[in-house]
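Trainee: Quick one: the structure is below, questions incoming.
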Amino acid sequence: MNEFSVGIGAEAAVSRCSCWLAFFIFGLLLARSAQARKPAVAFFYGKPVPVADLRHFDWVVVQPDNLDPEGLAELNRARVEVFAYLSMGEAAAHDVEPGSVVGSNPGWNSVIVNPAAASWREQILARADSLAERGYRGLFLDTLDSYVAALPGAQARRAAAVAMGRLVAALHERHPELRLFFNRGFEILGEVGDLASAVAAESLFFGWDAVRKEYVEVSEADRKWLTAQLRGVKERYGIPIVVIDYVPTARRHAGRVAARRINALGFTPWVSNASLDALGVGSVEVIPRRVLLLYDGAETPSLEQSPIHRLAALPIEYLGCAADYLDIRRGLPREPLAGRYAGIVTWFTDDELPDELGYPRWLAEQMDAGIRVAILGRPGFPVSKSFLARLGLAATVPARPLRLAERDDLIGFEAAPQLRSRALLGWHDASGTASVHLRLEDARGQSIDPVLTTAWGGLALDPYVIDVGYEGRTRWIVDPFSFLEQALGLEAAPALDFTTENGAPLLVVVADGAGSLPASDAAISAHALLEDVLSAPIAATVNAPAPAARDRESDSLARALFTRSNVEPADLNLIRLTGGNPQFAAEPSLSELSPSGIPSDAGFQVYLPAWNQTGAAKWWEARRFDMDHLVALVERAQTPRRLKAIGFYFQLAIATRPAALRSFRAALHWALDRGGLPLWASEYAARVRDFQSASLAVTLDGTWQFRGLDHLRTVRVPRSLGWPDLARSQGVAAIAEEGEFRYVSFTSEEQPSLVFSDEPPRRPYLAWTNATLQRWSEDGDDIVLRLRGHGPIRFAVGGAPGTCTLSAHGRRMRPTRVDGRDIFSLEHRDSGDARLECGHR
């Protein structure tokens, strides 16, 4: 196989024993251990390499020139063993001396090389030297038996096999620290099989015909032969066996079935596309959680003002997905998106994309590859009849008047649909298989379906996506959460969540000192802020006045602010204090909420979780922090879905307005009474940034894995998945129930995992706390914990078999029992290393 990519785990090397019998017994035990543990392996030959996703595997095989040094270092830090692809028997014609060539492989456009050629031997060894120096831990040796197809006689093939075996032995002698991972090479295993850390073979159930360029099903006779060969290798050498099968990316379910069949035979599976440049399915399947958001930079002056960012990004994030934005005018990606993206979402406001972009053809290619597409607003280009037919749609010219024929629960989310025909595309479902969520009928009885979902994704077309009212106020007609979930075909899965931690909604308070305080009011302001606001058990992030704008009194105020232990200076490289879409209607709208942040030159700049930042400032001026309205704004972001952390933004000059200050102080206490967990803006930003880069995967046995949760520790789980099984999961500390979900928070476990059960836990877990968790670990029947907060610590324990006792700061404390939970209260902001005794399980 050429350009081949698989990864497998291998056992540690065994040192020689002086006693032959001990060595023999130890070898048997090692072989059994290797057979018992099948490492998770992935092959990825494309570019760019999805480093974050590959952290879920034990072994990864890559084309070494496609992986940059930073990516290799990150995988090494994650304890992933990275194997560099090395072709031992084939190469491009221009890369070898003509005298070394013994044949050709037209399917891969390569030549077959004589392994006995001295120049080839030196070339292979030099390549190995370079790869070892770059930090690779192993070599994936491909095309070990290519000579078989080129050499006509048994004697010639046998001589080539001996030469190939010697070349492999020379590699090991030169670099004994490198693991050698064979692709087939059955003919040389008798000589060098003991040097192999694992053996791979292709096409057990499904393969790729490189000559005819088509996927094929393997015959039963070939399958039986290959199975026997692999079992013989496994029994003789006790090493992992990896099987790579090939299916189109659009047949993801078939890939899962093949992976299970391979696994059932005792082999490690990897099922991917023929070029191995898409994330496939193995013993671990990475669940794509990135969504590609397309927009037209010619329609809006900035990404921040585009509807794809202002309106679509928030529900996408709520569904657990991170957004990658692409201005379509800058070119379309050519690398495969399958396995890396959960889908594509587009939002155009006109149909004027230039033909030379090739967007319609590219979009059809993504659909053919199995990528789901959600089209919002306009399609972006004049759609042909053939493209409509590809979507299972047909078009008519609507005849007025229209009437509402059908609608379901997806319609009327914040605003009821008003019958409008201006700019309406007269598309309707012609396949009979789509789920039509809104159907209109025109004067001639023709159907028009502006909102539907189907096998390729879905569409919600203008003017039935959002309602634009007085002064540009926008409200959703379509339920964006349900629509996107159905259009993208998202299955029930844990969703990374940066709104909640340890059962508590996060609380972020930011004070903006842009500009200077009036000198005459500075002393009053300082006293009011320090005593009335910042004395509360909150974490406050303060953007101090610029030095040029300060007078002596405001300088004094700034010094007093930053001596407080619960105050941090704002880092404007991390957070943005401006942005949003301020609206002051009686009923808050989802459209007024901003997403988590926006890409910037610094990487990713986080929005504050306030209602919106510019809106907060203007609203303060207009409303003077009317308590009822402020709570209504925050509640819209909390119920019925928790979309945002509780965020309060205020200007330092609020201290000059006693009524506004009192109202704001009341709002803070409301948030604390609600159980908010105070965080600095920098701490919140760290969680949001983790959300952007973290990954999740599921194993064949149903275990959910999480990687990159350095600061972000919480996932939101649909109740339908069950309860966390604390005995089989790793790192679970907190479980909280909220509506249709359970919020699960982890300890600092480096590689947390979740296994679900139908039964609730029978051992203690943290049900809620107003502090961050530093430690939660079992010590026999007890729990050793540490909590650290910005005020006196309170926490609740659930799942305990009986009443618990807490030992902290030299005292033993009994809890208050409320609704079956033990509630503990401490006077301290840090529990220290405390012990929770909850009796025997």
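Trainee: Applying the selection to the stretch 345-399, what residues are of a type in the set (F, W, Y) and either touching a strand residue (DSSP E or B) at 6+ places or on another chain (Cβ under 7 Å) or farther than 17 Å from L293 by Cα (or both)? Steps first, answer last, please.
Mentor: Within the stretch 345-399, the subset of a type in the set (F, W, Y) is 347-348, 359, 362, 381, 387.
Correct list: W347, F348, F387.
Trainee: Taking the condition of being modelled with pLDDT of 95 or more and either assigned to a loop (DSSP other than H, G, I, E, B) or open to solvent by 90 Å² or more (accessible area, probe 1.4 Å) (or both), how many residues in the stretch 391-400 meet it?
Mentor: Residues in the stretch 391-400 being modelled with pLDDT of 95 or more and either assigned to a loop (DSSP other than H, G, I, E, B) or open to solvent by 90 Å² or more (accessible area, probe 1.4 Å) (or both): 2 in total.
Trainee: Additional query: Answer yes or no as to whether P248 is in contact with a Lys or Arg (Cβ under 7 Å, 6 or more places away or on another chain) and either open to solvent by 60 Å² or more (accessible area, probe 1.4 Å) or part of a loop (DSSP other than H, G, I, E, B) (or both).
Mentor: Details: in contact with a Lys or Arg (Cβ under 7 Å, 6 or more places away or on another chain): no; either open to solvent by 60 Å² or more (accessible area, probe 1.4 Å) or part of a loop (DSSP other than H, G, I, E, B) (or both): yes.
Against the criterion (in contact with a Lys or Arg (Cβ under 7 Å, 6 or more places away or on another chain) and either open to solvent by 60 Å² or more (accessible area, probe 1.4 Å) or part of a loop (DSSP other than H, G, I, E, B) (or both)), P248 does not qualify.
Trainee: To continue, here is another question. Would you mention how many residues in the stretch 599-609 are outside any loop (DSSP other than H, G, I, E, B) and either open to solvent by 10 Å² or more (accessible area, probe 1.4 Å) or hydroxyl-bearing (S, T, Y) (or both)?
Mentor: 6
Trainee: When the stretch 368-385 is examined, which residues are found to be more than 30 Å from the chain's Cα centre (by Cα) and under 28 Å from L490 (Cα atoms)?
Mentor: F381, V383, listed by residue number.
Trainee: Could I ask something else about it? Give the residue that is surrounded by the fewest Cβ atoms within 10 Å (Cβ to Cβ), with candidates limited to residues of the stretch 95-108 that are touching a helix residue (DSSP H, G or I) at 6+ places or on another chain (Cβ under 6 Å) and not in a strand (DSSP E or B).
Mentor: Only one residue tops the list, namely E97.
Trainee: Take the residues of the stretch 191-224 that are closer than 24 Å to V162 by Cβ and more than 38 Å from the chain's Cα centre (by Cα): which is surrounded by the most Cβ atoms within 10 Å (Cβ to Cβ)?
Mentor: V192
Trainee: To continue, here is another question. Which members of the stretch 75-94 meet the condition of being part of a helix (DSSP H, G or I) and either among the polar types (S, T, N, Q) or touching a residue at least 12 places away in the same chain (Cβ under 8 Å) (or both)?
Mentor: L75, N76, A93
Trainee: Can you find even one residue in the stretch 653-670 that is closer than 30 Å to I287 by Cβ and more than 22 Å from the chain's Cα centre (by Cα)? Can you show your working first?
Mentor: Residues of the stretch 653-670 that are closer than 30 Å to I287 by Cβ, as a first pass: none.
Looking for residues that are closer than 30 Å to I287 by Cβ and more than 22 Å from the chain's Cα centre (by Cα), one finds none in the stretch 653-670, hence no.
Trainee: A further question on this structure: Specify the residue that is nearest to T349 (Cα to Cα); the eligible residues are those in the stretch 289-313 that are open to solvent by 10 Å² or more (accessible area, probe 1.4 Å) and charged (D, E, K, R).
Mentor: E299
Trainee: Shifting gears a bit: Checking the condition part of a loop (DSSP other than H, G, I, E, B) and open to solvent by 70 Å² or more (accessible area, probe 1.4 Å), which residue from P801, P760 passes?
Mentor: P801
Trainee: While we're looking at this one, here's another question. Would you mind telling me which numbered condition in (1) assigned to a strand (DSSP E or B); (2) of a type in the set (D, E); (3) closer than 27 Å to L294 by Cβ E406 fails?
Mentor: (3)
Trainee: Which condition number does Q692 fail, the rest of (1) assigned to a helix (DSSP H, G or I); (2) more than 18 Å from the chain's Cα centre (by Cα) being met?
Mentor: (2)
Trainee: Residues to consider are A655, A685, A671, A667; find the one that is in contact with a Ser or Thr (Cβ under 6 Å, 6 or more places away or on another chain) and open to solvent by less than 10 Å² (accessible area, probe 1.4 Å).
Mentor: One residue alone meets the criteria, A655.
Conditions tested, residue by residue: (1) part of a helix (DSSP H, G or I); (2) closer than 25 Å to V233 by Cα; (3) open to solvent by 20 Å² or more (accessible area, probe 1.4 Å); (4) in contact with a Ser or Thr (Cβ under 7 Å, 6 or more places away or on another chain).
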| residue | (1), (2), (3), (4) |
| --- | --- |
| R121 | yes, no, yes, no |
| F140 | no, yes, no, no |
| L144 | no, yes, no, no |
| A161 | yes, yes, no, no |
| F182 | no, yes, no, no |
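Trainee: Could you list, in sequence order, the residues of the stretch 56-70 that are open to solvent by 10 Å² or more (accessible area, probe 1.4 Å) and within 17 Å of V284 (Cα to Cα)?
Mentor: Passing the criteria: only D58.
Trainee: With of a type in the set (A, V, I, L, M, F, W, C), under 25 Å from T300 (Cβ atoms) and surrounded by fewer than 20 Cβ atoms within 10 Å (Cβ to Cβ) as the only criterion, which of L353, L376, L332 stands out?
Mentor: Just one listed residue meets the conditions, L332.
Trainee: So R179 ticks every box in (1) among the charged types (D, E, K, R); (2) touching a Gly at 6+ places or on another chain (Cβ under 9 Å); (3) over 30 Å from A78 (Cα atoms) but one. Which box is left unticked?
Mentor: The single condition R179 does not satisfy is (3).
The values are calculated or read from the model by the stated rules, or taken from the named source; none is laboratory data. If you're wondering where the values come from, they're calculated on a predicted model, not measured in any experiment. Every residue, glycine as well, gets a Cβ built from its backbone with ideal geometry; the counts of neighbours run over all protein chains shown. The accessibility values were calculated without ligands, DNA or RNA, using every heavy atom of the protein model including side chains. Shrake-Rupley method; radii C 1.70, N 1.55, O 1.52, S 1.80 Å.
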